[in-house]
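The values are calculated or read from the model by the stated rules, or taken from the named source; none is laboratory data. Just so we're clear, the structure is a prediction, and the values are computed from it rather than from any experiment. Backbone-built Cβ (ideal geometry, glycine too); neighbour counts: all protein chains shown.
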Amino acid sequence: MKILPGGSTVFHPEERGRVMTGSGREGVVLSLVNNKGGVGKTTTAVNLSASLASDGGRVLLVDLDGQGSASRSLGLDREDLYPGVAEAMLEGLPLREAVKGSYIPGLDVLAGSMNLVSTDVFLADVEGREFVLRSALEPALEDYDFIVMDCPTSLGLLTVNALTSSHYIILPVTPDYLGFEGLLNLMEAVDMTREGVGKAAGLLGIVLTLADYRVRVTKDIGEMIRSRFGRHVFNTEIRVNVKLKEAPSHGRSIFDYDGGSRGADDYRRLSAEVQNRIRQDRI
């Protein structure tokens with residue numbers, strides 16, 4: 001697998017501080033970020049994308065996970081993962097040749113695959129390596145209202161590329177002790193990344209996921225997070241729901257698997273809140 005045609009990116013050093021503005025008809029780019037697994041990040045990326053599409057938006061879900069979990073959650077078969085985001089980033093494959101349609105009208109997928117696993121190694125010596133994904137996505141900005149990226153559970157080059165490509169980040173976090181401690185570390189790491197590569201995505205919000213109020217500590221930690229981060233925490237919480245766990249194995253969003261479940265209700269509310277925050281920020 002080659003890096004890019006000619007062995008370099010299309011970005012120039014003077015562009016490193018510039019973030020895509022979303023002006024005119026350009027879409028809004030969101031990244032779901034957490035370097036801790038098991039926090040509902042992929043579930044949130046998939047169902048937020050599905051809800052945005054059901055509201056009439058043109059949505060591209062970018063799966064940056066080498067396992068292709070978000071892609072498989074929407075019913076893509078293993079062979080459908082190729083070509084995908086790795087080929088668009090590392091081989092310069094035109095985006096239109098890598099994007100797949102999903103079964104949901106208005107929702108397309110740029111699939112993740114095992115070809116992403118060695119991205120850090122492939123990009124290590126590439127000038128402007130923090131902006132390769134932004135280059136790949138730029139032709140799609142006028143084709144979509146929203147581009148939603150499911151970042152890997154690490155803060156390596158793929159996540160850095162997502163941060164420099166995005167307008168906003170959303171941080172899913174579980175309301176438990178380790179989730180709270182991990183959130184503090186994650187916020188610090190994101191700030192360090194911004195300082196290292198220049199201006200990058202702003203925080204749209206923190207969303208509490210897998211909230212189980214049968215466990216007493218959930219309420220206590222949830223209140224701690226809200227006290228510490230205030231308005232940055234979404235009002236909507238994603239409650240524990242068995243239907244959310246079952247839906248990916250059927251290749252369906254929660255809305256199509258069980259649209260009457262509380263998981264579906266929670267993600268509808270989160271989608272509305274996300275859109276409202278974006279509108280308010282852009283007034």
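From Leu204, Leu183, Leu210, which residue is crowded, with 16+ Cβ neighbours inside 10 Å, within 15 Å of Leu32 (Cβ to Cβ) and in contact with a Gly (Cβ under 6 Å, 6 or more places away or on another chain)?
Unique residue meeting the criteria: Leu210.
Of the numbered conditions (1) within 14 Å of the chain's Cα centre (by Cα); (2) outside any strand (DSSP E or B); (3) hydrophobic (A, V, I, L, M, F, W, C), Ile169 satisfies every one except a single condition; which is it?
Only one criterion is unmet by Ile169, namely (2).
In the list Ser49, Ser31, which residue meets the criterion of being closer than 17 Å to Thr164 by Cα, of a type in the set (Ser, Thr, Tyr), touching a residue at least 24 places away in the same chain (Cβ under 8 Å) and buried (at least 24 other Cβ atoms within 10 Å of the Cβ)?
Ser31
Please work out if Thr174 is surrounded by 19 or more Cβ atoms within 10 Å (Cβ to Cβ), in contact (Cβ under 8 Å) with a residue 40 or more places away in the chain and not hydrophobic (A, V, I, L, M, F, W, C).
When the stated conditions are applied, Thr174 passes them.
So, Thr153, is that one β-branched (Val, Ile, Thr), in contact with a Lys or Arg (Cβ under 8 Å, 6 or more places away or on another chain), outside any loop (DSSP other than H, G, I, E, B) and modelled with pLDDT under 95 or not?
When the stated conditions are applied, Thr153 does not pass them.
Does Tyr144 satisfy being at negative phi, surrounded by 21 or more Cβ atoms within 10 Å (Cβ to Cβ), at pLDDT 95 or above and out of contact with any helix residue (DSSP H, G or I) (no Cβ under 7 Å at 6 or more places or on another chain)?
Against the criterion (at negative phi, surrounded by 21 or more Cβ atoms within 10 Å (Cβ to Cβ), at pLDDT 95 or above and out of contact with any helix residue (DSSP H, G or I) (no Cβ under 7 Å at 6 or more places or on another chain)), Tyr144 qualifies.
Going through the range 96-128 one residue at a time, which ones are among the hydrophobic types (A, V, I, L, M, F, W, C) and either touching a His at 6+ places or on another chain (Cβ under 8 Å) or surrounded by 20 or more Cβ atoms within 10 Å (Cβ to Cβ) (or both)?
Hits for the range 96-128 are Ala98, Val99, Ile104, Leu107, Val109, Leu110, Ala111, Leu116, Phe122, Leu123.
In the range 21-77, how many are closer than 16 Å to Asp108 by Cβ, part of a helix (DSSP H, G or I) and touching an Asp or Glu at 6+ places or on another chain (Cβ under 6 Å)?
Going through the range 21-77 one residue at a time, the tally reaches 3.
Among the residues in the range 235-247, are any assigned to a loop (DSSP other than H, G, I, E, B) and either among the hydrophobic types (A, V, I, L, M, F, W, C) or out of contact with any Phe, Trp or Tyr (no Cβ under 8 Å at 6 or more places or on another chain) (or both)?
yes
Looking at the range 59-94, which of the residues that are over 22 Å from Ser166 (Cα atoms) and among the charged types (D, E, K, R) is surrounded by the most Cβ atoms within 10 Å (Cβ to Cβ)?
Here the answer is Arg72.
Considering the range 173-214 alone, what residues qualify as being of a type in the set (D, E, K, R), out of contact with any helix residue (DSSP H, G or I) (no Cβ under 8 Å at 6 or more places or on another chain) and outside any helix (DSSP H, G or I)?
Result: Lys199, Arg214.
Just give me the residues in the range 93-139 being of a type in the set (Asp, Glu) and assigned to a helix (DSSP H, G or I), in sequence order.
Selection gives Glu97, Asp120, Glu130, Glu138.
Assess whether Arg134 counts as being modelled with pLDDT under 95 and surrounded by 21 or more Cβ atoms within 10 Å (Cβ to Cβ).
yes
Mind checking whether some residue in the range 199-214 is without any contact (Cβ under 8 Å) to a residue 12 or more places away in the chain, out of contact with any Pro (no Cβ under 9 Å at 6 or more places or on another chain) and not aromatic (Phe, Trp, Tyr)?
Yes - at least one qualifying residue is present in the range 199-214.
Output the residues belonging to the range 215-250 that are β-branched (Val, Ile, Thr), over 22 Å from Val33 (Cβ atoms) and either in contact with a helix residue (DSSP H, G or I) (Cβ under 8 Å, 6 or more places away or on another chain) or modelled with pLDDT of 95 or more (or both).
Result: Val217, Val242.
What's the number of the condition Asp256 fails, among (1) in contact with a His (Cβ under 9 Å, 6 or more places away or on another chain); (2) not in a helix (DSSP H, G or I)?
(2)
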